[in-house]
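A short write-up of the structure that comes next.
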Amino acid sequence: MSVLDALRVPEELSAREPAEQRGPGRDRDSVRLLVSRGTAVSHHDFRALPALLRAGDLLIVNTSPTLAAAVDGRIGTARVVVHFSTRGDDGRWAVELRDPDERGTTRARAGAPGVVTLKGGASLVLEEPLDPSGTRLWWARVAADVPGLLDRYGRPIRYSYTRKDQPLAAYQTVFALPQPGGIGSAEMPSAGRPFTARLVAELVSRGVQFAPVTLHTGVASAEAQEPPYPERFEVPAASARLINAAKAGGGRIIAVGTTGVRAVESAAGPDGVVRPAAGWTDLVVTPERGVRVVDGLLTGLHEPEASHLLMLEAIAGKPALERSYAQAVRGLYLWHEFGDSHLILPNEGCDSMNCSGNVW
């Protein structure tokens, strides 16, 4: 049995509020950074990131904005919360229905859904499950302009480990850009959250490059750890050129978030060359598939049973991943979207004599 199978993350290690409500700010002492190089683990503050990278390295960043994707509604007299996940090419939306609870959060809804009347009076008709083998996400037609509906009545999706509702601004990263048609991510591409404009400027001044890509994340509720559904993505031509040039020049390609990995690996051929691409990706990165482009990953801490860990294992290897997660629990790192960060770098001979930071 894997160490991760037996790993238990104590409930008190769930980050219940944004970093700026715990301390000085998003990239200051309130966000910690666990760094893995092979099985060597060191401990830093997130503001140390520029010193851990080098000129010629390239960060892949996701420009998808977070939507206020949760809207109240009713089925008959019963209250429900609708999570808007993804807009399809035919104009329908993939949605998840959940029951509100007394804490202001939600739980998975049992039973067959019906017609939903949304806040503001618009109706939503569920037509078919997104996946024939399950009934969690449904394709639905909505008698309203959904981006306008979300702007007026929506709020960010919130799970039970958070202390209270937060404004939409708390779920936006510094890399987020408005998207055509008002689409975006149902859940925050949270690996980019600790970055600030000041930190980006410092990285650029040190010769670190940025390649923007877009991947709109769908709903991934805390109760279900199934592989991700297909998601809409784009790797622009300029970013493809930057990635290929950095790799050819010996720079390390480091994705900021699992979404960045999914996007760029979807645009890479078997030869490892990244080409411009846009559309839908159903790629699931596993140790068996491996990675063709990325050398490292900056991400949050994921539940031990989450499918994301297969991607982390593909990049870092199982021994490194098991050691880093054991150290994260031991070091009281914080989990989830408002939590601490984990930087996976290539193993280049780092040991307790040449890694900066506190090494365990």
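The values are calculated or read from the model by the stated rules, or taken from the named source; none is laboratory data. Please read all numbers here as calculations on a predicted model, not as lab measurements. Glycine gets a Cβ as well: all are built from the backbone with ideal geometry, and neighbour counts include every protein chain shown.
Couple of notes before you dig in:
- Residues in the stretch 241-267 that are basic (Lys, Arg) and assigned to a helix (DSSP H, G or I) were compared, and the one that is farthest from residue 278 (Cα to Cα) is 247.
- Hey, residue 215 crowded, with 22+ Cβ neighbours inside 10 Å and under 30 Å from residue 307 (Cα atoms) or not: yes
- In the stretch 126-168, the qualifying residues are those that are in contact with an Asp or Glu (Cβ under 8 Å, 6 or more places away or on another chain) and β-branched (Val, Ile, Thr), and the one that is nearest to residue 87 (Cα to Cα) is 157.
- Summed over the stretch 57-71, residues that are more than 12 Å from the chain's Cα centre (by Cα) and either β-branched (Val, Ile, Thr) or modelled with pLDDT under 95 (or both) total 2.
Residue-wise test of (1) under 16 Å from residue 37 (Cβ atoms); (2) buried (at least 19 other Cβ atoms within 10 Å of the Cβ); (3) modelled with pLDDT of 95 or more.
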residue	(1), (2), (3)
273	no, no, yes
282	no, no, no
291	no, yes, yes
302	no, yes, no
308	no, yes, no
318	yes, no, no
340	no, yes, yes
347	yes, no, no
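- Filtered residue count, the stretch 158-189, keeping only those that are at pLDDT below 95 and among the hydroxyl-bearing types (Ser, Thr, Tyr): 4
- Being at pLDDT below 95, at negative phi and part of a loop (DSSP other than H, G, I, E, B) is a property that holds for residue 27.
- Scanning the stretch 2-24 for residues that are part of a helix (DSSP H, G or I), surrounded by fewer than 15 Cβ atoms within 10 Å (Cβ to Cβ) and either more than 21 Å from the chain's Cα centre (by Cα) or modelled with pLDDT under 90 (or both) returns 3, 5, 6, 12, 21.
- Matching residues, the stretch 268-289, being assigned to a loop (DSSP other than H, G, I, E, B) and either under 22 Å from residue 189 (Cα atoms) or among the hydrophobic types (A, V, I, L, M, F, W, C) (or both): 273, 276, 282, 283, 284, 285, 286
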